[in-house]
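Engineer: Sharing a structure below in structure tokens format, with a few things to ask.
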Amino acid sequence: MYDMRLTERVLDTETDKPKITAKGVQVYYGDTHAIKDVNVDIADKTVTAFIGPSGCGKSTFLRCLNRMNDTISIARVEGDIRIDGEDIYDKRVDPVQLRAKVGMVFQKPNPFPKSIYDNVAYGPRIHGLSRNKSDLDEIVENALRRAALWDEAKDRLSQPGTGLSGGQQQRLCIARAVATAPEILLMDEPCSALDPIATAQVEELIDELRQSYSVVIVTHSMQQAARVSQKTAFFHLGHLVEYGETGKIFTSPEDPRTESYISGRIG
Amino acid sequence: MPLSWILLILAVIGTIAFLMARSRAIATVDGDARRLHSLPIYYGLNGALMALTPALGLLAIWLLVQPILLDRSILADLPAGAVPDGGTAALVMSDVRRVADGIDSGISSGSFTRDELRDLSVEDVGGLLASEGTALGSALTGEVLTAATSYWQARSSLSWIMTIAVIGLALIGGAWAVSRSRGEFRARNVVERGVLILMIAAASIAILTTLGIVLSLLFETANFFRQYSWTEFFFSTTWSPSFSGRGGASQLGILPLLWGTLYISTIALIVAVPIGLFAAIYLSEYAGKKFRSVAKPLIEILAGIPTIVYGLFALITVGPFLRDAFASPLGLGNSASSVMTAGLVMGIMLIPFVSSLSDDIINAVPQAMRDGSLGLGATKSETIRQVIVPAALPGIVGAVLLAASRAIGETMIVVLGAGAAARLDLNPFEAMTTVTVKIVSQLTGDTDFASPETLVAFALGLTLFVITLGLNVLALFIVRKYREQYE
């Protein structure tokens, strides 16, 4: 059943119009040229993994997709990034609205120092997604259910989110992102601070989320990329070296650098 | 032997103990310092600590206890008639001490010798002492002179005993440490434990001092309430002390002073908190690095201005300006000293307290919080209002509280800005005064520590202390209840 769905999806992505298209993207941090001419199409309702050694620019590129690099004063982004055909670096685009559409989960769980409920309700509240309290309750419950946290959290919604365990905190952050009803979910090494059991739970969750969102995940772990993603992009020294079906990247990579990385010779 | 000489000798003993303990430790391992348990310096420090700590401790205790015991024994020997009617034993004792000091300096400067002193009459000694510059509360009597002589003798012999005991203890301690200073001795652990004890002592001194201050306030306040009704003090709306008649005629109601304190502090906080907080938010969240590096020190300069300068500013500039621009045209009075003047100037003084502390605290909120909020599509101001300020709240409340305590305790700006007239009034352009100003005015000049007019200062001080303590507890409670803890 699972495998069938996977095949179906992979076939779909080839026919669908891409959700995100990036052309000739360059990123500079001051004098450092961090991203060099990256071209990539990211499909809807797919998990795309960015892999590569530390400092290869995969997180930097991820942060271009919701303009989080704008918050770093020395960062400069060039090139063309479109979501649903719309240039997100156009002057008319409000980065704040863009980030509501493109949610993000960070490397270290960063729940706000508020109650679990308020953490999840944060996005819906600032974007006015609910008409009344019961509406908001429903959004919060749905988001927590989607993040597989409802059963653990339903009796302690008013307790601080920082009191949860690391894995629960990261799922809370995912719920928080999901509650804002994004179309794309960016995840920057979401499991790097978690133990294996919590990692497995989050990976399962990512696979669930694929049905509704386009998920882009940056990961250090090649096993994780192989487990959760349908497409994989390999970054090295700021270049996008190879991009394709996950199965193909891991079994018969075309570029020798990809092969060395996957077999553990570099990185 | 003077105290400075004792300290000098102790320093020499400490240094010698340091050097000997260190070299002995090295000698026991044949000069191979790697075979020592600790670095050589620890053996030396152990020697110095062992020589100095007990000796200095003994010295301190001796200096504290000796005068008390000596006073007590001399006082017990004093004949019953030595204390005149209406005087106190303490006054006689202070005369005794002064005469003893006079004898001391007389002998050391060579104006008379011990033997001469024995032969001289009471009047002659009085004359000699007066010519030496000793001022007495009343004419020298035979009893006082006898007591002073025995006081002086006991003191000089005790001083020698103390010197010998202290130096002897230092030598014993140093020798013991040197004898223990061998390669396998764990000097590092001992020294570190010694440092720990020093730190505990430092912490205890801070606590004990606070306790002492509170106790002295309490005793004097109790004295005050024995002479003056507490209902009058807390509920009377009139403050008019009189120094002419003792008690009775004075009205010492705290309410007008408390009102002035709270009124001026409130205005000061209304000025300082929003300005300080907004400045802090701008500096930490919006301002560029360059602007921040210039602006922050500039704001902090405000904190370095002495309050008397602020007072002058209030007196010469702000007061007349407020009077001419607002009070007179609005018909609210024509006094240059006003609550508004003092409040405004005090508010300006408090801005850096609020802004500098809040700025540090806001900066301490982790970047991950900002990223998380921005990543959900929040604007910068939403992030600040809903994530950063709540996370920084305990610190911000602390900053405001510090500012409030400063405002309540401030004196100079009030004297020069708001005047010294105790008044219960709502008009902010009227002169009023605060508790601290009245404490100063009740304790300056010719004071008699037995009259309620003077003792009221302690009651005022204690009330102020209780109020600031209450504020602290309240703030702690608020912070506990609303804190949003981040990791």
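Just so you know, all these numbers are worked out from the coordinates, no wet-lab data involved. Just so we're clear, the structure is a prediction, and the values are computed from it rather than from any experiment. Backbone-built Cβ (ideal geometry, glycine too); neighbour counts: all protein chains shown.
Engineer: List the relative contact order of chain B as a percent without decimals, with contacts defined as Cα pairs under 8 Å and 6+ residues apart.
Structural biologist: On the way: 609 pairs, mean separation 78.9, N = 487.
Relative CO of chain B lands at 16 percent.
Engineer: Can I ask one more? Taking neighbour Cβ counts within 10 Å as the exposure measure, how do B:M346, B:M340, B:M20 sort from fewest upward?
Structural biologist: B:M20, B:M340, B:M346
Engineer: Over chain A, what relative contact order in percent results from Cα pairs under 8 Å that are six or more residues apart?
Structural biologist: Dividing the mean separation by the residue count of chain A yields 26 percent.
Engineer: Additional query: What relative contact order, as a whole-number percentage, does the range B:239-482 give when Cα pairs under 8 Å and 6 or more residues apart are counted?
Structural biologist: The value is 29 percent.
Engineer: Additional query: Over the alpha-carbon set of the range A:110-267, work out the extent along each principal axis and list the three values in angstrom, largest first.
Structural biologist: Computed over the Cα atoms, the extents are 56, 28, 24 Å.
Engineer: Dipole magnitude of the protein assembly as shown about its Cα centre, charges +1 at Lys/Arg Cβ and -1 at Asp/Glu Cβ only, in debye to the nearest 20?
Structural biologist: Here the protein assembly as shown has a charge dipole of around 1020 debye.
Engineer: Please report Rg (one decimal) and Dmax (integer) in Å for the Cα set of chain A.
Structural biologist: 18.3, 57
Engineer: Please work out the C-alpha center-to-center distance from the range B:307-383 to the range B:1-60 and express it in whole Å.
Structural biologist: Spelled out, the Cα-based centre of one part sits 54 Å from the other.
Engineer: Translational diffusion coefficient, Stokes-Einstein: compute it for the protein assembly as shown using the Kirkwood radius over C-alpha pairs as Rh, at 4 °C and 1.567 mPa s, and state it as an integer in µm² s⁻¹.
Structural biologist: D = 38 µm²/s.
Engineer: Over 29 Å between Cα atoms: which of A:K23/A:K101; A:K114/B:K290; A:K19/A:K154; A:K19/A:K114; A:K91/B:K290; A:K19/B:K289 fall into that group?
Structural biologist: Over 29 Å Cα-Cα: A:K114/B:K290; A:K19/A:K154; A:K19/A:K114; A:K19/B:K289.
Engineer: A follow-up question, please. So which aspartates and glutamates pass the test for B:K438, namely a Cα distance under 19 Å, with those fewer than 8 places away in the same chain ruled out?
Structural biologist: Hits, sequence-local ones excluded: B:E220, B:E232, B:E410, B:D425, B:E430, B:D446, B:D448, B:E453.
Engineer: From the C-alpha gyration tensor of the range A:58-201, pull out the three semi-axes of the equivalent ellipsoid (sqrt of 5λ each), sorted largest to smallest, in whole Å.
Structural biologist: Three semi-axes, in Å: 28, 19, 12.
Engineer: Of B:Y43, B:Y228, how do they rank once you tally other Cβ atoms within 10 Å and put the fewest first?
Structural biologist: Listed from fewest to most nearby Cβ atoms, that is B:Y228, B:Y43.
Engineer: Percentage of Cα-Cα pair distances in the range B:3-185 greater than 21 Å, rounded to whole percent? Please list the in-between numbers first.
Structural biologist: Numbers: 10248 of 16653 pairs.
Roughly 62 percent, once rounded to a whole number.
Engineer: Quick one: Cα centre-to-centre distance for the range A:233-267 and the range B:433-453, in angstrom?
Structural biologist: 84
Engineer: Also: From the backbone phi of the range A:154-165, what are the Karplus-calculated ³J(HN,Hα) couplings (6.51 cos²θ - 1.76 cosθ + 1.60, θ = phi - 60°) in whole Hz, Gly and Pro given as x?
Structural biologist: 5, 8, 9, 4, 8, 8, x, x, 6, x, 6, 6
Engineer: Can you list, bin by bin at 5 Å, the percent of alpha carbon pairs in the range B:409-487, starting at 0?
Structural biologist: P(r) for the range B:409-487, in whole percents per bin: 3, 13, 16, 16, 16, 12, 9, 7, 4, 3, 1, 0.
Engineer: Determine, for B:M93, A:M187, the number of other Cβ atoms within 10 Å of each Cβ, and report the residues in order from fewest to most.
Structural biologist: Going from sparsest to densest Cβ surroundings: B:M93, A:M187.
Engineer: Could you give the Stokes-Einstein D for the range B:1-73 in µm² per second, using the C-alpha Kirkwood radius, 10 °C, 1.306 mPa s?
Structural biologist: Estimated via Stokes-Einstein, D reaches 113 µm²/s.
Engineer: Under a plain spin-label model, where a point goes 7 Å from the Cα along Cα-to-Cβ, how far apart in nm are B:I213 and B:D32?
Structural biologist: My value for the distance between the label points is 5.7 nm.
Engineer: Taking A:K36 as the anchor, which aspartates and glutamates have their alpha carbon closer than 16 Å to its alpha carbon, excluding any fewer than eight residues away along the same chain?
Structural biologist: Filter leaves A:E78, A:D80, A:E242.
Engineer: So what's the gap between the Cα centers of the range A:150-193 and the range A:102-140, to the nearest angstrom?
Structural biologist: Cα centroid to Cα centroid, the span is 10 Å.
Engineer: Can I ask one more? Which whole-Hz couplings ³J(HN,Hα) result when phi for each residue of the range B:251-259 is put into the Karplus expression 6.51 cos²θ - 1.76 cosθ + 1.60, θ = phi - 60°, listed in order with x for Gly and Pro?
Structural biologist: Residue by residue, the range B:251-259 yields 10, 10, x, 7, 3, x, 5, 5, 4 Hz.
Engineer: Now, a different point. Quick one: which of B:348-356, B:66-74, B:310-318 comes out on top by average Cβ neighbours within 10 Å, and what's the full order, highest first?
Structural biologist: B:348-356, B:310-318, B:66-74
Engineer: Starting from 0.36 nm per residue, how many nanometres of slack lie between B:S179 and B:S381 once their C-alpha separation is accounted for?
Structural biologist: So the extension gain works out to 65.8 nm.
Engineer: Classify chain B: rounded, prolate or oblate, from the alpha-carbon gyration tensor (a ≥ b ≥ c, eigenvalue square roots; a/c under 1.5 rounded; otherwise prolate if a/b is larger than b/c)?
Structural biologist: oblate
Engineer: Still on this structure, I have one more. Say each of B:S159 and B:D104 gets a label point 7 Å from the Cα, pointing the same way as Cα to Cβ; how far apart are those two points in nm?
Structural biologist: 0.5
Engineer: Continuing with this model, one more query. Dividing the Cα convex hull volume of the range B:239-482 by residue count, how many Å³ per residue is that?
Structural biologist: For the range B:239-482, the hull spanned by Cα atoms encloses 148 Å³ per residue.
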